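The values are calculated or read from the model by the stated rules, or taken from the named source; none is laboratory data. Just so we're clear, the structure is a prediction, and the values are computed from it rather than from any experiment. In this analysis, Cβ positions are derived from the backbone assuming ideal geometry, glycine residues included, and neighbour counts consider all displayed protein chains.
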Amino acid sequence: MGWTLALGATLAFSLSTPFARLAIDQGVNPTTMLVLRFGIAIVLLVSTLQLTAPDKLRVNRRGWLVALLAGLENGIGVLCFFWSLTRLDASIATMIFTLNPLLVLGLLALRGEKLTYRHLIRIGLGLSGIFLVLGPAGHIDWIGVLLVVITIICIAIELVVIQWYLQPYDSRSVTLYVLSGMSTTIFGYWLWQGTEWHNPGWPAWLYIGLLGVLCTYFAWWAIFTGVRHIGSGQVAMLVPLETLLTIIWSFMLLGERFTLWQYVGTGLILLSTILAIQRLGQNRKRLLLAGTPALVRFIWRRDLNKPPD
């Protein structure tokens, strides 16, 4: 049961970027798409908690305020990532985003932690991979790359906020309030854009519905339930699979293709990610998983701080 849910969540998360690109290709404004996606997910999440765990809808003022602020900040990252899909192939954006753990290693260094040669090897592999993914192609949109980089920075900040301030709180409550903060930022930007709206047609509605129900609501519910059955360590091992699946869907659904050098770069980036995940048995494992879904990271940090039985 646990592995089935974890694999289902991995599959659902991996479809998010290709489905979003398909909706954008149908003429949907990325901000409008996100307003609908997160609106659907929040309604379903609140309804589920109201039926199954109504006490999780309420946390103290400090908890909801910090979670909301983390969501408000990460809403910028979400907007940047999905707007980057108007400029980059979904597979390219995904590979850049996979470098998330390298930024976390950089943050650790800024906090005074010494970088070992193994850290440097991982960083070198990741940067070499991203050079091969971006450089040899010769036609990369650097504004799109910048948008993905902003996304990575925003998620790294969210990671630090959740780790430092939200450890005592239930992950379902944190997820709801972080999601609400993200939705507030997205909705505010949508209003600032002039509430752009047109009926996108049934194919786009299908993709938006799948994003809201499958890739957001179901994926987070499944990952939360799966962690409770098999543990967060086993779930996080599926992160490279999620990246690989996203690339496969981008090839199958969007007709994207890599050059030979981009395949080599993809392999180096995935290797760098796998090496980072192998450090899960060490004390800093919770910081090296910045590329995993936010809910998995939060649950893992809670597990690490639980006293032994």
Of the criteria (1) surrounded by 18 or more Cβ atoms within 10 Å (Cβ to Cβ); (2) in a helix (DSSP H, G or I); (3) within 20 Å of the chain's Cα centre (by Cα), which one Gly63 fails: (3)
Only listed residue being within 21 Å of Ile76 (Cβ to Cβ), small (Gly, Ala, Ser) and either assigned to a helix (DSSP H, G or I) or touching a residue at least 40 places away in the same chain (Cβ under 8 Å) (or both), chosen from Gly39, Gly8: Gly39
Helices (runs of 4 or more DSSP H) within the range 138-212 that include 3 or more residues surrounded by 15 or more Cβ atoms within 10 Å (Cβ to Cβ) and more than 18 Å from the chain's Cα centre (by Cα): 171-192, 202-210
Pairs, first over 13 Å from Ala12 (Cα atoms) and modelled with pLDDT under 80 in the range 194-211, second surrounded by 15 or more Cβ atoms within 10 Å (Cβ to Cβ) and among the aromatic types (Phe, Trp, Tyr), C-beta under 6 Å, six or more apart: none
Options Arg297, Arg301; residue that is at pLDDT below 80, of a type in the set (D, E, K, R), crowded, with 16+ Cβ neighbours inside 10 Å and within 14 Å of the chain's Cα centre (by Cα): Arg297
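Which of the residues that make up the range 17-36 are assigned to a helix (DSSP H, G or I) and either within 19 Å of Gly71 (Cα to Cα) or among the aliphatic types (A, V, I, L, M) (or both)?
Ala20, Leu22, Ala23, Ile24, Pro30, Thr31, Thr32, Met33, Leu34, Val35, Leu36
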